[in-house]
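Asker: For reference, the structure I am asking about is given below.
The values are calculated or read from the model by the stated rules, or taken from the named source; none is laboratory data. Just so it is clear, the model here is predicted, and its values are computed rather than measured. Please note: Cβ atoms are built from the backbone with ideal geometry, for glycine as well, and neighbour counts cover all protein chains shown. These accessible areas exclude ligands, DNA and RNA; they are computed on the full protein's heavy atoms, side chains included. Shrake-Rupley method; radii C 1.70, N 1.55, O 1.52, S 1.80 Å.
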Amino acid sequence: METALKKAGLSAIYEKIISNQRLDAYDAKRLYEINNLPLLGYLANIVRERLNGDKTYYIYNQHINYSNICINLCKFCAFGKKKGAHAAYEMTIGEIVSKIEERLSEPVREVHIVGGVHPDLPYEYYIDMLKAIKAVRPDIHIQAFTCVEIAHIARMGGKSIEDAISDLIAAGLGSMPGGGAEIFSPRIRERLCPNKLSGESWLEVAKTAHRLGLKTNATMLYGHIETLDERIDHLMALRDAQDETGGFMCFIPLAFHPKNTELNGVSITGGVEDLKMIALSRLMLDNFPHIKAYWVMLGPKIAQIALSFGADDLDGTVMEEKIAHMAGGETSQAMTRKEIEDLIKQAGRIPIERDTLYRPV
Ligand code: V47
């Protein structure tokens, strides 16, 4: 391996990695452009095993998308719909509670709730939703609302971000998912999602949540019209934010699915690109405890290989995923515990069922 590293001109980067030194943007570019996938995997796996050994996490969870009505209508999204559009929907709190009640006999530990940026659902809808879920299932951890939704919910209630998050925590919010980050680059946001919360504000909301004691995740949507430099800038911005607060639990690179979006001329990412992004994320985000290979978007086979390229988490059982599937995702909408555990074991890793905060259960 040392010869291969030398031949690829990666000896200095290798030295940094094994002595646990931070990589810079120049290193990131070198690593990505070297076009030697096994070598990149080898390097990322050093960090993966240093942080998590062979442990590979998954959670028994349930997804609920309370509404797809959205005022942002981002060009990369097939899920969001204009109010009044044929496929637009919004769930009542009673309907959301029924979704929870349907699965009371199962050991669901987390409910993952996200929706569109809805023009007129009132502040109380979000607060009451959390309270109603906790009333029927007090033990469930509610991971809900991206930073984009939080900013919108606060606006609807005429509240500061701090006050809105505090109210949501008091109503039962346990943590926040990592969506809505997309790519922080203002150039790309202007082209793809001009109405959306800026990257800078996304980071501010996440840091505010962390200061209030909430853990959150972070994502990056890649494989559309962004450049490699913009991906690297995104990773560096997250690393800086994590240095400030330490509140991110996991990073999830999300491969863009073009079908049914305004970018349907863009080709879908290949397995090589997906694995390179997992590896690069693991190497650059040295202060993120976990990297998630989200099987729903990667497909179970690539997600399984990703466990040797830096990832230590597969997300979970999921159920009723809508965002990737509306954009042409062809994976099933759920996996059983056994299917997930088998994927992990076949990859030579140790499956650990976790709760949202990565405590083994
Ligand atoms: O914010 C939208 C992305 C995200 C498309 O925190 C698309 O653990 C691909 O954030 N192709 C929502 N991606 C999903 C998400 C998530 C999923 C699982 C776990 C966690 C976590 C977070 O999906 C959106 C957006 O970035 N998205 N459209 C698309 N066509």
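Asker: State which residue pairs qualify: first residue among the aliphatic types (A, V, I, L, M) and inside the stretch 221-232, second residue open to solvent by less than 20 Å² (accessible area, probe 1.4 Å) and not in a strand (DSSP E or B) in any location, beta carbons under 7 Å apart, and separation of 6 or more residues or different chains.
Answerer: From residues that are among the aliphatic types (A, V, I, L, M), the pairs are LEU221/ILE183; LEU221/PHE256; ILE225/ILE188; ILE232/ALA28.
Asker: Is there a residue in the stretch 22-39 that is hydroxyl-bearing (Ser, Thr, Tyr) and within 24 Å of ARG349 (Cβ to Cβ)?
Answerer: Step one: of the stretch 22-39, the residues hydroxyl-bearing (Ser, Thr, Tyr) are 26, 32.
After this cut, where a residue has to be within 24 Å of ARG349 (Cβ to Cβ) as well, the list is none.
For the stretch 22-39, residues hydroxyl-bearing (Ser, Thr, Tyr) and within 24 Å of ARG349 (Cβ to Cβ): absent.
Asker: Give the number of residues within the stretch 272-320 that are on the phi > 0 side of the Ramachandran plot, among the acidic types (Asp, Glu) and at pLDDT 95 or above.
Answerer: 0
Asker: Is it fair to say ILE225 is within 22 Å of ASP315 (Cα to Cα), assigned to a loop (DSSP other than H, G, I, E, B) and not small (Gly, Ala, Ser)?
Answerer: no
Asker: Another one. In the stretch 289-303, how many are out of contact with any Gly (no Cβ under 8 Å at 6 or more places or on another chain), open to solvent by less than 40 Å² (accessible area, probe 1.4 Å) and free of Cβ contacts under 8 Å to residues at least 60 places away in the same chain?
Answerer: Adding up the residues that qualify gives 6.
Asker: I'd like the full set of residues that are without any contact (Cβ under 8 Å) to a residue 40 or more places away in the chain, surrounded by 15 or more Cβ atoms within 10 Å (Cβ to Cβ) and not in a helix (DSSP H, G or I), limited to the stretch 8-35.
Answerer: ALA8, LEU10, ILE34
Asker: Based on this model, can you work out whether ILE232 counts as more than 10 Å from the ligand (Cβ to nearest atom) and open to solvent by 10 Å² or more (accessible area, probe 1.4 Å)?
Answerer: In short, no.
Asker: Select from the stretch 256-276 the residues that are among the aliphatic types (A, V, I, L, M), near the ligand (Cβ under 10 Å from one of its atoms) and open to solvent by less than 30 Å² (accessible area, probe 1.4 Å) and list them in ascending order.
Answerer: LEU263
Asker: Identify all residues within the stretch 183-202 that are open to solvent by less than 10 Å² (accessible area, probe 1.4 Å), assigned to a loop (DSSP other than H, G, I, E, B) and closer than 28 Å to ASN61 by Cα; write none if there are none.
Answerer: Result: ILE183, single match.
Asker: Please enumerate the residues belonging to the stretch 70-114 that are surrounded by fewer than 22 Cβ atoms within 10 Å (Cβ to Cβ), within 16 Å of the ligand (Cβ to nearest atom) and among the aliphatic types (A, V, I, L, M).
Answerer: ILE71, LEU73, ALA87, VAL108
Asker: Moving to a separate point now. Given the criteria open to solvent by 10 Å² or more (accessible area, probe 1.4 Å) and either among the small types (Gly, Ala, Ser) or in contact with a His (Cβ under 8 Å, 6 or more places away or on another chain) (or both), does GLY174 qualify? If you could, list the steps in order and put the result at the bottom.
Answerer: On the way: open to solvent by 10 Å² or more (accessible area, probe 1.4 Å): yes; either among the small types (Gly, Ala, Ser) or in contact with a His (Cβ under 8 Å, 6 or more places away or on another chain) (or both): yes.
Here the answer is yes, as GLY174 does meet what is asked.
Asker: Answer yes or no as to whether GLU244 is charged (D, E, K, R) and within 13 Å of the ligand (Cβ to nearest atom).
Answerer: no
Asker: Do you know which of the residues in the stretch 126-147 that are within 20 Å of the chain's Cα centre (by Cα) and open to solvent by 10 Å² or more (accessible area, probe 1.4 Å) is farthest from the ligand (Cβ to nearest atom)?
Answerer: HIS141
Asker: Considering each of LYS322, LYS345 in turn, give the residue that is open to solvent by 20 Å² or more (accessible area, probe 1.4 Å) and free of Cβ contacts under 8 Å to residues at least 12 places away in the same chain.
Answerer: Just one listed residue meets the conditions, LYS345.
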